[in-house]
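Q: Pasting a structure here, questions to come.
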Amino acid sequence: MKRRSSKQYSMHCLNEESDLRTYEKHGILKFIMDLKDQGVVKYVGLSTHAPELANKVLDMKILDMMMFSINPMYDFGQGDFALGSTGERQTLYRRCEKEGVGISVMKPFNAGQLLDAAKSPFHQALTPAQCLQYALDKPGVLTVVGGPGNVEQLKEILSFLDTTEEERDYSIIGSFTPDDSVGKCVYCKHCHPCPAGLNIGLINKYYDLSLQGDVMAKDHYLTLEKHASDCIKCGHCNKRCPFSVQQQERMEEIREYFGK
Ligand code: SF4
Ligand code: SF4
């Protein structure tokens, strides 16, 4: 357990059920919750790499935020902390959004490995901007902690704010992620602009969140200017999507689901 500030306690680096049981057995969890009841602690956090453990703690309904490692390596089964399948990880992100638990992303570059073609398991370097945007697009994510090792790296991370949409476009990962990710929208917006003005990435995100039981997602969807029913079936998105999502067909599905 690390004391982050006078108002927040974070359960640090819990990856296995035995870690959680240790917190319970030695009364640490109760201590934190007692402090929260007294108003001394306002927010309770967890940092973990493991979706299974994260889900167990979420079941306890005690979390306000979670530090979780998100990058294309881990999400697509590469690296030491690639825990859980691609689907399990995406489901966790959506669950956090649905339950109001903000994700603070750690390891967006996997210690620089993703930025170096010689070290990346994909044999292709991504830029910091691509990695940051990748993490920011995931449901539930509020912040990304770049973890710079020096001032130069910090400046490089901050330069994200000045990058263009093209520079942040990470759809290249669609060419080197495994087959089981094919056909699943990752909200990258590479298929934009839609000639009919649909925000395809956001529409898909709200649809997936709603399927997972996020009651707010439908309201968010309905406030969009354009809906799936506005799709003119031009096929542009199907041709552009690097993840081979049959988006035109999916818009039909989404229209039927939301009735609009
Ligand atoms: S349909 Fe494809 S290109 Fe468009 S947002 Fe989804 S994954 Fe990205
Ligand atoms: S098929 Fe529909 S959603 Fe896709 S680009 Fe065309 S109008 Fe937009």
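The values are calculated or read from the model by the stated rules, or taken from the named source; none is laboratory data. All of these numbers come straight from a predicted model, not from anything done at the bench. All Cβ positions, even for glycine, are placed from backbone atoms using ideal geometry, and neighbour counts span all protein chains on display.
Q: Go through the residues of the range 28-38 one by one and say whether even a single one is part of a loop (DSSP other than H, G, I, E, B) and either of a type in the set (Asp, Glu) or at pLDDT 90 or above (or both). Write out each step before concluding.
A: Of all residues in the range 28-38, those part of a loop (DSSP other than H, G, I, E, B) come to 38.
In the following step, the residues that additionally are either of a type in the set (Asp, Glu) or at pLDDT 90 or above (or both) were identified as 38.
Among the residues of the range 28-38, at least one is part of a loop (DSSP other than H, G, I, E, B) and either of a type in the set (Asp, Glu) or at pLDDT 90 or above (or both), which makes the answer yes.
Q: I've got another one for you. From the list Pro72, Pro139, Pro108, Pro128, pick out the single residue that is touching a Lys or Arg at 6+ places or on another chain (Cβ under 6 Å) and within 20 Å of Asp169 (Cβ to Cβ). Reasoning before the result, please.
A: Working: Pro72 fails: touching a Lys or Arg at 6+ places or on another chain (Cβ under 6 Å); Pro108 fails: touching a Lys or Arg at 6+ places or on another chain (Cβ under 6 Å); Pro128 fails: touching a Lys or Arg at 6+ places or on another chain (Cβ under 6 Å).
None of the other options fit; the residue is Pro139.
Q: Of all residues in the range 144-157, how many are surrounded by fewer than 17 Cβ atoms within 10 Å (Cβ to Cβ), more than 14 Å from the chain's Cα centre (by Cα) and touching a residue at least 24 places away in the same chain (Cβ under 8 Å)? Full working, then the answer.
A: Narrowing the range 144-157 to residues surrounded by fewer than 17 Cβ atoms within 10 Å (Cβ to Cβ): 145, 147-156.
In the following step, the residues that additionally are more than 14 Å from the chain's Cα centre (by Cα) were identified as 147-156.
Filter once more, so that each one left must be touching a residue at least 24 places away in the same chain (Cβ under 8 Å): 147, 156.
Of the residues in that region, 2 qualify.
Q: Does the range 121-143 hold any residues that are part of a loop (DSSP other than H, G, I, E, B) and crowded, with 21+ Cβ neighbours inside 10 Å, and which are they? Steps first, answer last, please.
A: Going residue by residue through the range 121-143, those that are part of a loop (DSSP other than H, G, I, E, B) are 121-127, 137-140.
Leu126, Lys138, Pro139, Gly140, listed by residue number.
Q: Continuing with this model, one more query. Out of (1) touching a residue at least 24 places away in the same chain (Cβ under 8 Å); (2) out of contact with any helix residue (DSSP H, G or I) (no Cβ under 6 Å at 6 or more places or on another chain), what's the single condition that is false for His190?
A: Condition not satisfied by His190: (2).
Yes or no, residue by residue, for (1) within 14 Å of the chain's Cα centre (by Cα); (2) outside any helix (DSSP H, G or I); (3) under 30 Å from Lys119 (Cα atoms); (4) among the acidic types (Asp, Glu):
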{"site": "Leu20", "(1), (2), (3), (4)": "no, no, no, no"}
{"site": "Tyr23", "(1), (2), (3), (4)": "no, no, no, no"}
{"site": "Phe68", "(1), (2), (3), (4)": "yes, yes, yes, no"}
{"site": "Phe81", "(1), (2), (3), (4)": "no, yes, yes, no"}
{"site": "Arg89", "(1), (2), (3), (4)": "yes, no, yes, no"}
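Q: Let me ask something else about it. Limited to the range 158-209, what total is found for residues that are away from ligand 2 (no atom under 16 Å from the Cβ), crowded, with 18+ Cβ neighbours inside 10 Å, farther than 16 Å from Pro72 by Cβ and modelled with pLDDT of 95 or more?
A: Going through the range 158-209 one residue at a time, the tally reaches 1.
Q: From the list Met251, Met216, exactly one residue is within 12 Å of ligand 1 (Cβ to nearest atom), among the aliphatic types (A, V, I, L, M) and either within 26 Å of Glu99 (Cα to Cα) or touching a residue at least 40 places away in the same chain (Cβ under 8 Å) (or both). Which is it? So that I can check it myself, show each step before the final result.
A: On the way: Met216 fails: within 12 Å of ligand 1 (Cβ to nearest atom).
From the options Met251, Met216, the qualifying one is Met251.
Q: Kindly provide the set of residues from the range 233-260 that are hydrophobic (A, V, I, L, M, F, W, C), assigned to a helix (DSSP H, G or I) and under 15 Å from Cys194 (Cα atoms), ordered by number.
A: Step one: of the range 233-260, the residues hydrophobic (A, V, I, L, M, F, W, C) are 234, 237, 241, 243, 245, 251, 254, 258.
Narrowing further to those that are assigned to a helix (DSSP H, G or I): 237, 251, 254, 258.
Within the range 233-260, Cys237, Met251 qualify.
Q: State all residues of the range 219-237 that are within 14 Å of ligand 1 (Cβ to nearest atom), surrounded by 13 or more Cβ atoms within 10 Å (Cβ to Cβ) and either at pLDDT below 95 or more than 23 Å from the chain's Cα centre (by Cα) (or both); if no residue qualifies, say none. Let's see the steps before the verdict.
A: First, pick out the residues of the range 219-237 that are within 14 Å of ligand 1 (Cβ to nearest atom): 228, 231, 234-237.
Checking the rest, the ones that are also surrounded by 13 or more Cβ atoms within 10 Å (Cβ to Cβ) come to 228, 231, 236-237.
Listed by number, the residues that qualify are Ala228, Cys231, His236.
Q: Would you confirm whether any residue within the range 93-100 is over 30 Å from Ser175 (Cβ atoms), of a type outside the set (D, E, K, R) and loosely packed, with under 14 Cβ neighbours inside 10 Å?
A: Taking the range 93-100 and keeping what is over 30 Å from Ser175 (Cβ atoms), we get 98-100.
Next cut, of a type outside the set (D, E, K, R) only: 100.
Add one more test, that the residue is loosely packed, with under 14 Cβ neighbours inside 10 Å, and what stays is 100.
Yes, that holds for at least one residue.
Q: Follow-up question, since we're still on this one. So which residues in the range 192-201 are near ligand 1 (Cβ under 9 Å from one of its atoms) and within 23 Å of Thr91 (Cβ to Cβ), if there are any at all?
A: Result: Ile200, Gly201.
Q: Output the residues belonging to the range 210-232 that are in a helix (DSSP H, G or I) and away from ligand 2 (no atom under 12 Å from the Cβ).
A: So the first thing to find is which residues in the range 210-232 are in a helix (DSSP H, G or I), and the list is 210-211, 215-222, 228-230.
Ser210, Leu211, Val215, Met216, Ala217, Lys218, Asp219, His220, Tyr221, Leu222 - these are the residues of the range 210-232 that are in a helix (DSSP H, G or I) and away from ligand 2 (no atom under 12 Å from the Cβ).
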